[in-house]
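Read the structure below first, then the notes.
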Amino acid sequence: MAGHQDLDVLVVGAGFSGVYQLYKLRTAGFSVKVFEAGSGLGGVWYWNCYPGLRVDSDFSIYQFSLEEIWRDWNWTEKYPSRQELIEYFKYVDKKLDLSRDISFNTRVTSASFDTTTNCWSVLTDTGVTANPHFLILCTGFASKPLFPDIPGLATFQGAMHHTSLWPQAGLDIAGKRVGVIGTGASGVQVVQEAGPIAAHLTVFQRTPNLAVPMMNQRPLSAATQTRMKEEMYPIIFKRRQQTFGGFQFDRVPRGVFDLSPEERYLLFDDLWLKGGLRFVHGSCNDILTNEKANAEVYSFWRKRVLERVRDPDMQRKLAPEKQLHPFGAKRVSLETSYYEVFNQPNVVLVDLSENPIVEVTPTGLKTRDGIVHELDVLALATGFDALTGGISQIDIKGTDGITIGDKWKKGLSTYLGLTVTGYPNMFTPFGPHGPAAFCNGPTCAVRFSTPTHFSHAYTPQEIQGDWILDCLTYLRRHDYTRIEATSKASEAWVQRVADIFSKGLLGRAKSFYTGANVPGKHVEPLNFTGGLPLYNTLIQDCAQGGYAGFMLTSSAGTEVKPCQV
């Protein structure tokens with residue numbers, strides 16, 4: 001079996017985080033390889049290729065902040081499509097010469113820690129092995145698809161695919177009878193794409209999606225981006241690490257009822273017309289903590305949606321008068337024509353709370369009312385075992401021989417959302433107990449890189465990607481061979497995450513934010529919801545305290561750094 005025996009670092013996954021780790025660690029002089037299960041770069045953008053897929057963050061912040069990358073790259077849309085992101089990763093690959101250190105089509109199946117060598121033993125489905133000193137799991141927060149437990153699902157004879165496992169070659173849905181189960185972010189995008197071209201579209205809705213407009217109409221010109229690169233890009237990259245969600249905009253530092261009704265209306269309307277996630281992350285600072293403030297947001301949202309949907313029954317299903325959960329307690333999706341699709345005569349909306357699916361037949365889906373909805377194509381937009389699933393699906397054994405999946409069954413435990421007690425020399429960026437689901441992805445993965453003519457004005461702020469780089473550099477400099485979080489530090493971090501989460505409205509919905517969407521999964525906060533600036537302060541305080549809360553081992557012995565969390 002081929003292998004990498006003398007390796008400083010093995011990175012698992014080649015999305016934004018994995019690519020950045022490879023480039024930065026290699027530049028810092030570490031020997032590093034990447035194992036990627038797919039045949040190309042992109043992570044979630046490689047695997048997800050369903051119709052209509054595009055990013056929900058503005059192009060200016062959804063990219064690497066390395067000047068050698070953005071200087072010569074131009075986007076064509078404000079919210080880039082999946083295909084454009086794939087082209088972007090190809091460009092990044094060529095620029096940084098990444099593929100020479102990546103093993104594609106190589107899925108990691110197991111990893112175990114050797115306490116005698118302080119190294120990991122990693123096995124893959126291709127027989128390729130590795131024994132890295134450090135293991136960085138860049139598996140992403142949405143890499144384990146969740147399939148619905150419906151009787152007869154395997155008997156369906158048409159084309160059936162989970163949205164995250166859509167055929168890479170595509171699937172022609174024009175003129176077909178299409179069914180979509182689920183109306184989360186993926187479901188919304190598939191519905192928008194299928195509605196105008198399908199012979200018939202049946203949407204099976206579990207919970208109405210409180211989607212907001214993307215406003216992606218205007219194409220981007222190269223001239224506009226050239227002007228932005230001269231001054232605005234560096235400022236935006238700096239700014240995105242100062243805001244709660246890693247965007248270029250931030251929450252208004254006032255409560256909803258601190259505003260007059262007129263101010264409130266004008267603010268909501270302005271955010272709505274600007275489009276994107278501003279309606280949530282650029283709104284008043286109490287909409288996710290104050291129930292009455294949240295209801296005001298829902299009321300405005302509902303009024304705008306009702307204006308776009310003609311049929312009263314569709315209105316009731318898509319935007320019910322009674323608010324089913326707090327606005328923003330489930331992931332807010334962006335849409336361009338989602339609600340207009342339900343005005344089409346070829347579209348049917350089945351509310352599963354009233355009329356659930358009882359079985360899948362060879363030709364379609366049968367609901368409780370006895371109707372069999374005949375289908376040629378069935379899209380399973382049923383989400384993910386998010387945040388923990390991508391890690392726990394690998395057979396990772398720690399110092400006590402217990403798999404990480406078994407360890408987390410009774411409750412999630414991490415330290416800083418980056419490490420796990422009992423699993424030394426292992427890091428989990430953009431994973432559980434970090435800001436992943438509440439942060440623009442590249443902001444978490446990368447550091448602001450300042451062009452030389454701005455170097456006098458800005459000091460880089462470090463998020464997860466560079467925190468790991470700095471940590472490994474520190475260990476190398478001081479001849480430490482092992483780092484592991486203490487139980488005390490981990491317990492304190494878990495409590496901090498829970499305390500912050502409990503102060504808001506996010507727990508009042510059945511969502512992947514808590515794992516409540518996965519049958520049998522322990523329901524608990526899976527994200528750090530205190531905002532990016534606080535998170536960054538906490539992990540930097542740890543580093544500046546000599547990696548407080550960790551046990552550091554060298555040939556001279558083990559040193560325990562007092563926990564400051």
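Dipole orientation for the chain: of the candidates VAL11, SER337, LEU201, SER337 has the Cα lying most toward the positive pole (charges on Cβ; Lys, Arg +1; Asp, Glu -1). Under a straight-distance cross-link criterion of Cα-Cα below 12 Å, which aspartates and glutamates are reachable from LYS33, leaving out those fewer than 8 residues away in the same chain? Within reach: ASP6, ASP8, ASP101.
Residues whose amide H lies under 5 Å from that of HIS162, counting only those 5 or more places away or on a different chain, are LEU380; hydrogens are built 1.01 Å from N in the peptide plane. Solvent exposure of segment 1-119, expressed per residue, is 36 Å² of accessible area, with all protein chains present and a 1.4 angstrom probe. Convex hull of alpha carbon positions in segment 1-148: directionally averaged projected area 10.2 nm². Placing R0 at 22 angstrom, the Cβ-Cβ distance between THR558 and ILE402 gives a FRET efficiency of 0.55 after rounding to 0.05.
Stretching the chain fully between LYS274 and SER110 yields a gain of 54.4 nm (0.36 nm per residue, less the alpha carbon separation).
For segment 503-565, the equivalent ellipsoid built from the Cα gyration tensor has semi-axes of 33, 17, 8 Å, listed from largest to smallest.
Remark: segment 86-190 is approximated by an ellipsoid whose semi-axes, taken from the C-alpha gyration tensor as √(5λ), come to 36, 21, 13 Å, largest first.
Accessible-area rank, largest first, for GLU296, GLU307, GLU36: GLU307, GLU296, GLU36, with all protein chains present and a 1.4 angstrom probe.
If you plug the beta carbon distance of GLU374 and LYS510 into 1/(1 + (r/R0)^6) with R0 = 35 Å, you get a FRET efficiency near 0.70.
Out of the total accessible area of the chain (probe 1.4 Å, heavy atoms of protein only), what percent is carbon and sulfur? Using a 1.4 Å probe with all protein chains present, the chain comes out at 52 percent carbon and sulfur. By a 1.4 Å probe calculation restricted to protein chains, ARG100 has an accessible surface near 140 Å², given to the nearest 10.
Per DSSP H run of at least 4 residues, take -39500 (n - 2.57); add these up for the chain, divide by its residues and hand me the 222 nm value, nearest 500 deg cm²/dmol.
Theoretical 222 nm ellipticity from helices: -8000 deg cm²/dmol.
Listed values (i) 27.3; (ii) 24.7; (iii) 23.7 include one computed from this model; for Kirkwood radius over Cα pairs in Å that value carries the label (ii).
Tell me the trypsin sites (Lys or Arg not before Pro) within segment 366-420 that lie in a loop according to DSSP and have at most 16 other beta-carbon atoms within 10 Å. Let's see the in-between values first.
Values: sites: LYS366, ARG368, LYS397, LYS407, LYS409, LYS410; in loops: ARG368, LYS410.
Counting only loop positions with at most 16 other Cβ atoms within 10 Å, the trypsin sites (Lys or Arg not before Pro) in segment 366-420 are ARG368, LYS410.
Which lysines, on any chain, are close to LYS488 with Cα under 26 Å apart, when same-chain ones fewer than 8 places away are left out? In chain and number order, the partners are LYS397, LYS407, LYS409, LYS410, LYS503, LYS521, LYS561. Taking amide H as placed 1.01 Å from N in the peptide plane, the amide H of ASN517 sits under 5 Å from that of SER511, PHE512, each at least 5 places away or on another chain. Fully extending the segment from ALA159 to LYS90 would add 21.9 nm, taking 0.36 nm per residue of separation and subtracting the current Cα-Cα distance.
Comparing Cα centroids, segment 143-219 and segment 241-311 end up 28 angstrom apart.
In plain terms, the bigger the Kirkwood radius, the slower the diffusion; for segment 124-163, with that radius from Cα pairs, at 25 °C and 0.890 mPa s, Stokes-Einstein puts D at 169 µm²/s. Just to confirm the number: angle between the C-alpha axis of helix 464-477 and the first principal axis of the chain, 0 to 90 degrees, nearest 10? That works out to roughly 10 degrees. Across the chain, C-alpha contacts under 8 Å between residues 6 or more apart give a mean separation that, scaled by the residue count, equals a relative contact order of 19 percent.
Sorted by accessible area with a 1.4 angstrom probe, largest first, how do ARG240, ARG206, ARG302 fall?
Working: ARG240 0, ARG206 125, ARG302 65 Å².
The residues order as ARG206, ARG302, ARG240, largest area first.
The angle separating the long axis of helix 82-96 from the principal Cα axis of greatest extent in the chain is about 20 degrees.
Taking the C-alpha atoms only, the angle from helix 185-194 to the longest principal axis of the chain is near 50 degrees. Computed over the alpha carbons of segment 362-437, Rg followed by Dmax gives 19.0, 56 Å.
The values are calculated or read from the model by the stated rules, or taken from the named source; none is laboratory data. Keep in mind the model is a prediction, meaning the values are calculated, not measured. Counting neighbours? That spans all protein chains shown, and the Cβs are built from the backbone with ideal geometry, glycine included. What goes into the accessible areas is simple: the full protein's heavy atoms, side chains included, and nothing from ligands, DNA or RNA. Shrake-Rupley method; radii C 1.70, N 1.55, O 1.52, S 1.80 Å.
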